[in-house]
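Chemist: Dropping the structure in here first, questions after.
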Amino acid sequence: MRKLILVSLTTILLCCAAAAQQAQPTPQPFTFYYDYKVVPGKEEDLMNLVKTVGAPVRDKLMADGVVLAWGLETPVLRYPGGTTHLIWFSVANWDGVEKVLNGMEAQLAKLAAEEAQAAEAARAKRQKPAMTTAERTREVFDMSKTRDWLTRDLVAGYGAPPPAGMLPFTRYNFVKVKPGKGADYRRAWEKYNKPVFDKLIADGVVLAYGLAVEEVKTDGDFTHFVWVGTANMAAADKIGPAFTADRARRSEEERNAISDLFLSLIEPDMSRSIVTRSRIFRLPAPK
């Protein structure tokens, strides 16, 4: 799917311990996504940029309690012209967004000043200056394809915090709800789908899940998306059968009514899915 936002498990576990304790009326954390297309062959250079530019900022703000989690994901299924990498961070509110953005600007300015001094010293020795961070960035990214997103969960469920070093998989299911039907869709989803996901979390199959929207609406292809995080693809294999079993225990009349309800609320032809794999996934250290 061309628009890869999202809440990557990346949101999933974003703050498992804290978020799981929040009362439902409490606003859910934001997740900010940088949606990138990396030039083929520049994947290692991207990782070096992450280590020198973004990671120090996000790790410092995580230690300060501003960043709740952050990571980098890649789509499992590729397609021509599509997103290749997604960097995300989760924060509690707009103030957290501002602190991360300010931190990134300060880090880039610091690196630029250091590189300018190094370039001047190299020229004095009649040596070629090293590439700057700005130059490396232009080589790594197709900036015309860069896209930012800010999302928020309406409903979310979290299991136990994942083991250190886990790199989860996340599936995103995007739907376009018909105008004026958002509240009806959420009620139907919470009534018929949430109990299945809660059971999957209780059984240790799903790490976390959510029903989410863009906090700042920028896209018309979807209105809502469901994200589901699992430790591996074997766990993901169990999700479909769990829904099949839930529907099978109901009468044929009720099954038809549920199907008709959801079809009446969305535009089925607009539905899309994507699966991502975490390459970096960081949560605060246990206290």
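Chemist: Could you grab me the full set of residues in region 144-166 that are under 17 Å from His85 (Cβ atoms) and among the basic types (Lys, Arg)?
Modeler: Within region 144-166, Lys145, Arg147 meet the criteria.
Chemist: Quick one: what pairs do we get from region 267-279, first residue assigned to a loop (DSSP other than H, G, I, E, B), second modelled with pLDDT of 95 or more, C-beta under 6 Å, 6+ apart or different chains?
Modeler: Glu267/Lys176; Ser271/Val175
Chemist: Restricting attention to region 135-154, and to residues there that are over 15 Å from the mean Cα position of the chain (by Cα) and aliphatic (A, V, I, L, M), which single residue is nearest to Glu115 (Cα to Cα)?
Modeler: Filtering first and then ranking leaves Val140.
Chemist: Cβ-Cβ under 9 Å, sequence separation 6+ or interchain: first residue in region 113-126 and in contact (Cβ under 8 Å) with a residue 12 or more places away in the chain, partner among the small types (Gly, Ala, Ser). Which pairs?
Modeler: That search, which allows pairs on different chains as well, returns Glu115/Ala130; Glu115/Ala134; Ala118/Ala130; Ala119/Ala130.
Chemist: Moving on to the next point. Looking at region 211-265, which of the residues that are of a type in the set (A, V, I, L, M, F, W, C) and assigned to a strand (DSSP E or B) is farthest from Lys178 (Cα to Cα)? It would help to see each step written out before you state the result.
Modeler: To start, the set of residues in region 211-265 that are of a type in the set (A, V, I, L, M, F, W, C) comprises 211-213, 216, 222, 225-228, 231, 233-236, 239, 242-243, 245, 248, 257-258, 261-263, 265.
Now restrict to residues that are assigned to a strand (DSSP E or B): 211-213, 225-228.
Working: Leu211: 16, Ala212: 16, Val213: 14, Phe225: 14, Val226: 16, Trp227: 20, Val228: 23 Å.
For region 211-265, the residue satisfying everything is Val228.
Chemist: Kindly indicate which of Ala109, Ala130 is modelled with pLDDT of 95 or more and either surrounded by fewer than 15 Cβ atoms within 10 Å (Cβ to Cβ) or touching a Phe, Trp or Tyr at 6+ places or on another chain (Cβ under 8 Å) (or both).
Modeler: Ala109 is the lone residue from the list that is modelled with pLDDT of 95 or more and either surrounded by fewer than 15 Cβ atoms within 10 Å (Cβ to Cβ) or touching a Phe, Trp or Tyr at 6+ places or on another chain (Cβ under 8 Å) (or both).
Chemist: Looking for whichever is in contact with a helix residue (DSSP H, G or I) (Cβ under 8 Å, 6 or more places away or on another chain) and not aromatic (Phe, Trp, Tyr) here; the options are Leu211, Leu263. Which one fits?
Modeler: Values: Leu263 fails: in contact with a helix residue (DSSP H, G or I) (Cβ under 8 Å, 6 or more places away or on another chain).
Exactly one residue qualifies, and that residue is Leu211.
Chemist: Here is a further query. Is it the case that some residue within region 35-44 is among the aromatic types (Phe, Trp, Tyr) and out of contact with any His (no Cβ under 7 Å at 6 or more places or on another chain)?
Modeler: So the first thing to find is which residues in region 35-44 are among the aromatic types (Phe, Trp, Tyr), and the list is 36.
With the extra rule that they be out of contact with any His (no Cβ under 7 Å at 6 or more places or on another chain), the set shrinks to none.
No; the residues of region 35-44 include none that is among the aromatic types (Phe, Trp, Tyr) and out of contact with any His (no Cβ under 7 Å at 6 or more places or on another chain).
Chemist: Scanning for something over 30 Å from Asp45 (Cα atoms), assigned to a loop (DSSP other than H, G, I, E, B) and of a type in the set (Asp, Glu), does region 200-210 turn up at least one residue?
Modeler: Yes, region 200-210 contains a residue that is over 30 Å from Asp45 (Cα atoms), assigned to a loop (DSSP other than H, G, I, E, B) and of a type in the set (Asp, Glu).
Chemist: Test Lys145 against the stated conditions and say whether it is in contact with a strand residue (DSSP E or B) (Cβ under 7 Å, 6 or more places away or on another chain), under 30 Å from Arg272 (Cβ atoms) and not polar (S, T, N, Q).
Modeler: Considered against the rule, which asks whether it is in contact with a strand residue (DSSP E or B) (Cβ under 7 Å, 6 or more places away or on another chain), under 30 Å from Arg272 (Cβ atoms) and not polar (S, T, N, Q), Lys145 comes out as no.
Chemist: Another one. May I ask you to list pairs of residues, at least six apart or on different chains, whose Cβ atoms are under 6 Å apart, with the first in region 149-165 being within 29 Å of Thr223 (Cα to Cα) and part of a loop (DSSP other than H, G, I, E, B) and the second being among the β-branched types (Val, Ile, Thr) and modelled with pLDDT of 90 or more?
Modeler: Gly159/Ile201
Chemist: Could you list, in sequence order, all residues of region 16-53 that are under 25 Å from Ile201 (Cα atoms), exposed (fewer than 12 other Cβ atoms within 10 Å of the Cβ) and either modelled with pLDDT of 95 or more or hydrophobic (A, V, I, L, M, F, W, C) (or both)?
Modeler: Hit for region 16-53 is Ala23, nothing else.
Chemist: Okay, next question. Quick one: which residue in Glu214, Glu190 is within 21 Å of the chain's Cα centre (by Cα) and touching a residue at least 24 places away in the same chain (Cβ under 8 Å)?
Modeler: Glu214
Chemist: I would also like to ask the following. Mind listing whichever residues of region 245-287 are surrounded by 13 or more Cβ atoms within 10 Å (Cβ to Cβ), of a type in the set (Asp, Glu) and farther than 23 Å from Lys199 by Cα?
Modeler: Glu267, the sole residue that qualifies.
The values are calculated or read from the model by the stated rules, or taken from the named source; none is laboratory data. Because the structure is a prediction, the values reported are computed rather than measured. All Cβ positions, glycine included, derive from the backbone under ideal geometry; neighbour counts span all protein chains shown.
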